[in-house]
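Laboratory data are not the source of any read-out in this text; all were calculated from the coordinates shown. Just so we're clear, the structure is a prediction, and the values are computed from it rather than from any experiment. All Cβ positions, even for glycine, are placed from backbone atoms using ideal geometry, and neighbour counts span all protein chains on display.
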Amino acid sequence: MSRIAYVNGQYRDMRDASVNIEDRGYQFSDGVYEVCEIRGGKVVDMPRHLTRLQRSLRELRIDMPMPLAALEIVIHETVRRNRVSYGIVYLQVTRGVARRDHAFPVNPVKPALVVTARGLNLQKNQDTAAKGIGVITVPENRWPRVDIKSVSLLPNVLAKQQARENSAYEAWFVDHNGHVTEGSSSNAWIVTTDGKVITRSVDSGILAGITRAVLMEVLAALQIKLEERPFTPAEAYEAAEAFVTASSQIVMPVVRIDGRNIGDGKPGSISMRLREEFHRFSAFS
Ligand code: PMP
């Protein structure tokens with residue numbers, strides 16, 4: 001079955017779908033994006049993702065490409081047309097098409113909207129979680145506005161590639177104070193030997209992950225202690241457990257950091273429990 005993309009007002013076969021070469025997303029990475037998980041054909045936590053999208057757009061002074069309710073319809077329709085039961089839906093909004101000039105277009109242009117959806121292999125994801133993943137640490141080299149979910153992802157791309165070339169799945173950025181910020185496409189967490197779950201606060205250096213926010217509700221409900229504070233790679237090496245969160249991964253156990261085993265080198269029990277409980281706390285639409 002061919003895949004269908006929503007592109008600026010039309011549902012198109014992906015083989016024919018295209019955007020203008022002067023789209024500012026293509027020229028300047030002048031745009032933002034969101035990724036939501038799809039489960040049982042439903043979109044997971046869509047209202048939270050759309051709230052974050054609106055915030056990202058506001059920070060960059062890009063207009064919403066259409067009213068929120070219309071955007072929800074486009075997302076659902078893209079999922080439906082691609083017949084995705086488990087997978088992800090991706091949406092990207094750029095400032096639009098204008099003759100190439102760094103400053104914003106003088107005459108306002110319509111923001112461009114692309115929505116795609118694709119199926120993922122749930123069993124493969126579960127198998128990865130059952131084994132756990134390896135992480136490497138790399139120096140933080142991103143701009144300070146990582147709170148904006150911008151499509152400008154070169155440092156993330158390079159970090160992820162470095163992870164792959166070192167037989168790891170994810171790279172954790174480490175800031176100039178020696179603290180882990182987050183992964184190239186995930187938030188970073190550890191569990192201390194006395195059972196406390198640690199993750200950096202959203203005040204600086206990280207994206208406010210939706211999975212992170214929902215997981216905090218899971219922790220509260222399960223009465224697991226949470227500490228929002230920075231941690232170092234050295235503390236992570238000695239942790240009982242580690243994991244990452246992202247919409248496409250949910251809770252993914254980390255069993256190796258920079259080649260060192262975490263705990264007994266197997267996915268931790270708290271990480272696996274959080275993974276299992278997670279969707280009881282998600283909103284499906
Ligand atoms: N940090 C970064 C840099 C990311 O790219 C992502 C995934 N989009 C996350 C954190 C996790 O965010 P979420 O849980 O909303 O997918």
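Could you state the angle between the C-alpha long axis of helix 68-81 and the longest principal axis of the C-alpha atoms of the chain, as a value from 0 to 90 degrees rounded to the nearest 10?
Between the helix axis and the principal axis of the chain, the angle is about 80 degrees.
Please give the net charge around Val218, taking every other residue with its beta carbon less than 12 angstrom from that of Val218, where Lys and Arg add +1 and Asp and Glu add -1. Display every interim value, and only then the final one.
Working: positive: Arg212, Arg273, Arg275, Arg280; negative: Glu217, Glu276, Glu277.
Residues near Val218 contribute +1 overall.
What does the charge dipole of the range 4-120 about its Cα centre add up to, to the nearest 20 debye, if the Cβ of each Lys and Arg holds +1 and the Cβ of each Asp and Glu holds -1? Don't jump to the answer; show the numbers that get you there.
On the way: 18 positive and 13 negative charges, 35 e Å.
So the magnitude is around 160 debye.
State the answer as a single residue: which of Pro111, Ile224, Val151 lies farthest towards the positive end of the charge dipole of the chain, with beta carbon charges of +1 for Lys and Arg and -1 for Asp and Glu, about the Cα centre.
The listed residue farthest towards the positive side: Pro111.
Sorted by packing (mean other beta-carbon atoms within 10 Å per residue), highest first, where do 116-122, 47-53, 244-250 land? Spell out each step's value before the answer.
Working: 116-122: 15.9, 47-53: 18.1, 244-250: 22.6.
In descending order of packing, they fall as 244-250, 47-53, 116-122.
Classify the range 125-281 as rounded, prolate or oblate from the Cα gyration tensor: take a ≥ b ≥ c as the square roots of its eigenvalues, call it rounded if a/c is under 1.5, otherwise prolate when a/b beats b/c and oblate if not. Each step should come with its number before you reach the end.
Details: a/c = 1.41, a/b = 1.22, b/c = 1.16.
Cα axes put the range 125-281 in the rounded bin.
May I ask for the Rg/Rh ratio of the range 4-120, computed from Cα atoms with Rh as the Kirkwood radius, given to two decimals?
Details: Rg = 14.2 Å, Rh = 14.5 Å.
Answer for the range 4-120: 0.97.
Work out, in µm²/s and without decimals, the Stokes-Einstein translational diffusion coefficient of the chain at 25 °C, 0.890 mPa s, Rh from Kirkwood over C-alpha pairs. The partial results should precede the final answer.
Numbers: Rh = 19.7 Å.
This corresponds to a translational diffusion coefficient of 124 µm²/s.
What's the magnitude of the charge dipole for the chain around its Cα centre, counting Lys and Arg as +1 and Asp and Glu as -1 at the beta-carbon? Answer in Debye, nearest 20. It would help to have the intermediate numbers written out before the result.
Numbers: 37 positive and 32 negative charges, 167 e Å.
For the chain, the charge dipole is close to 800 debye.
Report, to the nearest 10°, how far helix 46-60 tilts away from the longest principal axis of the Cα atoms in the chain, using its own Cα long axis and a range of 0 to 90°.
For helix 46-60, the angle is close to 70 degrees.
Please give the helix 154-165 orientation as an angle from the longest Cα principal axis of the chain, in degrees from 0 to 90, rounded to the nearest 10.
That works out to roughly 50 degrees.
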